[in-house]
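Here's the structure, in C-alpha cells; my notes come after.
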Amino acid sequence: MGIISAIGRRNIKVRTLIFTLYFILIVGAITMVYPFWLMITGTTKSGVDNTDATLIPQYLYDDNALYRKAIEGIFNEKLPSAQIVYNLPITEFRTLEPPPKNRDKFVRAWEAFLEEKEFPFYYFMLGYSEVTVSRNSCPANLRSFKNVMYDRYKGDINALNTDAGTDFVAWPNFIIRETTHENRRMMPNIRAPIMVEWYKFKDASPIHERVFSTASGYYNTGFLQPQFSRDITSYNKTHKTNYASYSDIVLSRFYPKHKTATERRDWEFFVRNVLNLLWVRVDASALNDFHSFLQIKYQNIDGLNQVYGSKYQSFDDIPLVERVPFSGVILADWSNFVQGWEDPTSRKIYSAPAESLSISSIEFDFQDYLKDKFGSIEAMNKHCVTHYNSFEEIYPPQQEYHYQKIITHKALLRYEFTVRNFITVIDYILLHGRGIYNTAVYCFLAVLCALIVNPLAAYALSRFQPPSTYKILLFLMLTMAFPQMVTQIPNFLMLRELGLLNTFGALILPTLANGYQIFLLKGFFDSLPRELYESAMLDGASETRIFLQLTMNLSKPILAVIALQAFTQAYSNFMMAMLICQDRDMWTIMPWLYQLQMSSCEGIIYASLIVASIPTFLIFMLCQNVIIRGIIVPVEK
C-alpha cells in the first residue's frame, strides 16, 4: 500500500508536492549526469578540441571538425610541419579550413605519382606516430609499431633495450621521435637499431598517412617569413619584388640566375647553410673544386686515406659525392665543401660553386613526373583542369589529398579518436608492472577478511551481549572520528618494525577490522528474531552452525553492503598503498594510474578515471539485487 492514498493524490497540494519532489530529483540527476557526460566527452580530447565543452564531440557529426582533428594527428600535432608541407600561414589546427574541391584530377595525378614512385625514408614523416600536446596518448601507428616490437621480443622490454640500445622502463614508455628533415640539424640516426626498424616500418606504411616534406615550403615558412615577417610587403620592399603572398614565391631547383641579386643571395645562403644536406646536390662541374678543397685540407693523400680508411693513389682519384652520406668524416667534409671551408693559413674560402648546387625535393620530383607524363604544361592543365604557367610553379596538392583520404576513412578515424585514449590507459595498466594482479589479490583478501572478522565480532556482541557492549560500541564509533591520514604514520612505523612493508599483509592488517561495519552488523543481527536461535539450539545446532547457516544466511543484504564497502575501500586505496608498498612490483592500479595522470593530457586523465570506475560499478551491479531484496522483501512480508 502506498504512503499516499489514491484519494489523497487528487488533492492539488499533494500533487504539487509530488511534482516538486520529482522536479528536485530530476534536477539532481542532471547535475550529476551532466558533468559525468562532459568527462566522457573529455576522453576524446586532443590539442585541437581541448577547449570545446560540448556533450557530443564535434568530430562525430561534423566532417570539418574531423578534418582538423585528423590533420593534427597526421602531422603528429606539429604545427610548423603543417605550415611547411602545405606552404600556408596556418596559425593553429583548430582554425584550419578544408581545401577547395575543384582539383580532383590533379589530386589523382599526385596519388598516382606516390603509388608509382619509391621514396627514401627521410622524404616523409609518418602520421599518427607521435604526440607533442596530447601527452602520453598513443596514436595508431605508434601502437602498431610497439605491437610489432612487443611480439618480436615476446614482451621482454629488457631484451628490446639490449638489442636496440634503448632504455625504456616499460612498454607504456615506448616512444618514437618522428620528424621531418628540412633543417640541417635533423639528420636521421641510422646507427640506432630501433630507428632502423622504424624506418622499415615507415616504408610499409599506407601512403595516405605520410607527410612529404618540401624544400619550397621550408624556404617560405621556415626561412623567409622569420626574417621578413608574415607580411609580404616587407619582403617585397627588401627584394624589390611585387609578390601577392609568400605562396607565390617559387623556390628554384637550380641557382636562380634570372632573379634579383637579393633573391640569389637568399637562395645561396639557404642552400649552403640552412637546408638539410639530404636535399642538396652538387653536380660534376664542382669536381676540381672538391679535389682542391681536399688537397688543401689534408695536404697529402696518405693523410686523407688514414682518415677515410681508403686507398686512393691521388686526390684526382676521389669521386665527387653527389648526395650526402648520413654520418662519418665524409659527411663533415661534404658539409664543409657545400657551406664553405676557410683555410686557416691562407684564409681562403673553398666551397662548391653556386652554379653547381641544386635541390632535390618531392615537389621537383613531382614536376618531373608530370613533365614526363604530359609533355607540356598546356596538356597537363587541360587534363588536370589547372592553370599553371610552367611546371616550376606546381606545388604538391597534399592538403587536398589528405582531405579526400580523411573523408574516405572517416568512420575508422572517428572510432580511433574515440577509443585511443582508453586503449592507452588499458595498455598502460596491462603492461605496467603487476597492477591488475596486485589489485585483484588485495581486493579479494580485503573482502574475505571483512566478511570473516567483522561478522564474528558483531555476532559476539549481539548474541552474547557482554556487560561492556556499549563501551565497546562507543570505542568502535570513536575510531571513525580519526581520518585515515592521521593513522598512516603510526601504521607505517608499526608495519616497518614487523618487517611487513611491501607485502599484502601490510595492505590488509591496518583495515582488518572496521568499527563502522561491526556497528552496522550488530544492529542487523539484533533485528533477527531470538526465536530462531532458540529453535536452532533445541534442534541441537552448535554455535558455529548457528552463525554460519542461520545468522550469515539471513544477513546476505548487509553482508553485500559490507563486501561492497570493503572492495571500494581496497580498490580506491592510493595513499596508504603507495606509502607502505614503495616497491613498484607491489603497486596496485591506483598508484599506477596516479603516475600516469601526473604526466598526461586531459583526455588520458578522464579516460583513466572512467576505466578506474568500471570495476566498482560492476561490483555494485552484482550487489544491488541482494541489497534491494533485503530491503523490499521484509517490507512486503
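The values are calculated or read from the model by the stated rules, or taken from the named source; none is laboratory data. A quick note: this is a predicted structure, and the numbers were derived from the prediction, not measured. For neighbour counting, all protein chains shown are included, and Cβ atoms are generated from backbone atoms with ideal geometry for every residue, glycine included. Surface areas here come from the heavy atoms of the whole protein model, side chains and all, with no ligands, DNA or RNA. Shrake-Rupley method; radii C 1.70, N 1.55, O 1.52, S 1.80 Å.
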Next item on the list: Give me the pairs, please: first residue somewhere in the range 165-186 and under 24 Å from S335 (Cα atoms), second residue anywhere and part of a loop (DSSP other than H, G, I, E, B) and of a type in the set (A, V, I, L, M, F, W, C), beta-carbon distance under 9 Å, and either six or more positions apart or on two chains.
Entry: T179/M186; T180/M186; H181/M187
Check: Which residues, counting only those in the range 161-175, are surrounded by 15 or more Cβ atoms within 10 Å (Cβ to Cβ) and under 17 Å from Y428 (Cβ atoms)?
Finding: F168, W171, P172, F174, I175
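Could you check the range 182-225 and list, in sequence order, the residues that are polar (S, T, N, Q) and either within 27 Å of L412 (Cβ to Cβ) or open to solvent by 40 Å² or more (accessible area, probe 1.4 Å) (or both)?
Step one: list which residues in the range 182-225 are polar (S, T, N, Q), which gives 183, 189, 205, 213-214, 216, 220-221, 225.
If the condition is that a residue be polar (S, T, N, Q) and either within 27 Å of L412 (Cβ to Cβ) or open to solvent by 40 Å² or more (accessible area, probe 1.4 Å) (or both), then N189, S205, S213 are the ones that fit.
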Next item on the list: Identify, from the list L495, L507, the residue that is open to solvent by less than 50 Å² (accessible area, probe 1.4 Å), at pLDDT 80 or above and either touching a Phe, Trp or Tyr at 6+ places or on another chain (Cβ under 6 Å) or not in a helix (DSSP H, G or I) (or both).
Entry: L507
Next item on the list: Answer yes or no as to whether L609 is within 21 Å of the chain's Cα centre (by Cα), surrounded by fewer than 18 Cβ atoms within 10 Å (Cβ to Cβ) and in contact (Cβ under 8 Å) with a residue 60 or more places away in the chain.
Entry: yes
Next item on the list: Identify the residue in the range 415-436 that is crowded, with 22+ Cβ neighbours inside 10 Å and among the hydrophobic types (A, V, I, L, M, F, W, C) and, among all such residues, is farthest from Y61 (Cα to Cα).
Entry: V425
Next item on the list: Would you check if there is a residue in the range 616-631 being surrounded by 13 or more Cβ atoms within 10 Å (Cβ to Cβ), at pLDDT below 85, outside any helix (DSSP H, G or I) and of a type in the set (F, W, Y)?
Entry: no
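Output the residue which, of all residues in the range 170-205 that are of a type in the set (D, E) and assigned to a loop (DSSP other than H, G, I, E, B), is farthest from L596 (Cα to Cα).
Checked the range 170-205; the qualifying residue farthest from L596 (Cα to Cα) is E182.
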Note to self: Among (1) part of a loop (DSSP other than H, G, I, E, B); (2) open to solvent by less than 30 Å² (accessible area, probe 1.4 Å); (3) aromatic (F, W, Y), there is one condition Y395 misses while meeting the rest; what is its number?
What the structure shows: (2)
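What residue, among those in the range 349-391 that are of a type in the set (V, I, T) and touching a strand residue (DSSP E or B) at 6+ places or on another chain (Cβ under 6 Å), is surrounded by the most Cβ atoms within 10 Å (Cβ to Cβ)? Even if it seems obvious, please write down each step before you answer.
Quick first cut of the range 349-391, residues of a type in the set (V, I, T) only: 349, 359, 362, 377, 385-386.
Now restrict to residues that are touching a strand residue (DSSP E or B) at 6+ places or on another chain (Cβ under 6 Å): 349, 362.
Values: I349: 11, I362: 23.
Here the answer is I362.
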Next item on the list: Mind telling me which of the residues G73, G47, G28 ends up being touching a helix residue (DSSP H, G or I) at 6+ places or on another chain (Cβ under 7 Å) and under 29 Å from I604 (Cα atoms)?
Entry: G47
Note to self: Anything in the range 322-348 that is free of Cβ contacts under 8 Å to residues at least 60 places away in the same chain, assigned to a helix (DSSP H, G or I), open to solvent by 40 Å² or more (accessible area, probe 1.4 Å) and in contact with a helix residue (DSSP H, G or I) (Cβ under 9 Å, 6 or more places away or on another chain)? List them, or say none.
What the structure shows: V329, I330, N336
Notebook entry, point to check: Taking the range 289-321, which residues are aromatic (F, W, Y) and either under 16 Å from F337 (Cα atoms) or part of a helix (DSSP H, G or I) (or both)?
Noted result: F290, F293, Y298, Y308, F315
Next item on the list: Test each condition in (1) surrounded by fewer than 19 Cβ atoms within 10 Å (Cβ to Cβ); (2) touching a Phe, Trp or Tyr at 6+ places or on another chain (Cβ under 8 Å) for W267 and report the one that comes out false.
Entry: (1)
Next item on the list: Filter the range 293-316 down to the residues that are in contact with a strand residue (DSSP E or B) (Cβ under 8 Å, 6 or more places away or on another chain) and surrounded by 17 or more Cβ atoms within 10 Å (Cβ to Cβ), then identify the one that is nearest to P353 (Cα to Cα).
Entry: F293
Next item on the list: Can you run down the residue pairs with Cβ atoms below 7 Å, 6 or more apart or on separate chains, where the first is in the range 226-239 and open to solvent by 50 Å² or more (accessible area, probe 1.4 Å) and the partner is assigned to a loop (DSSP other than H, G, I, E, B)?
Entry: R230/P89
Note to self: Please go through the range 573-604 and give me each residue that is under 27 Å from R420 (Cα atoms), in a helix (DSSP H, G or I) and open to solvent by less than 50 Å² (accessible area, probe 1.4 Å), ordered by number.
What the structure shows: I589, M590, P591, W592, L593, L596, Q597, G603, I604
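Quick check on the range 465-487: of everything there that is of a type in the set (S, T, Y) and either open to solvent by less than 60 Å² (accessible area, probe 1.4 Å) or under 52 Å from the mean Cα position of the chain (by Cα) (or both), which residue is farthest from D526 (Cα to Cα)? I'd like the intermediate steps shown before the answer.
If we filter the range 465-487 for residues that are of a type in the set (S, T, Y), which is where we start, we get 468-470, 479, 487.
Subsequent filtering for residues that are either open to solvent by less than 60 Å² (accessible area, probe 1.4 Å) or under 52 Å from the mean Cα position of the chain (by Cα) (or both) retains 468-469, 479, 487.
Working: S468: 16, T469: 13, T479: 22, T487: 31 Å.
Here the residue is T487.
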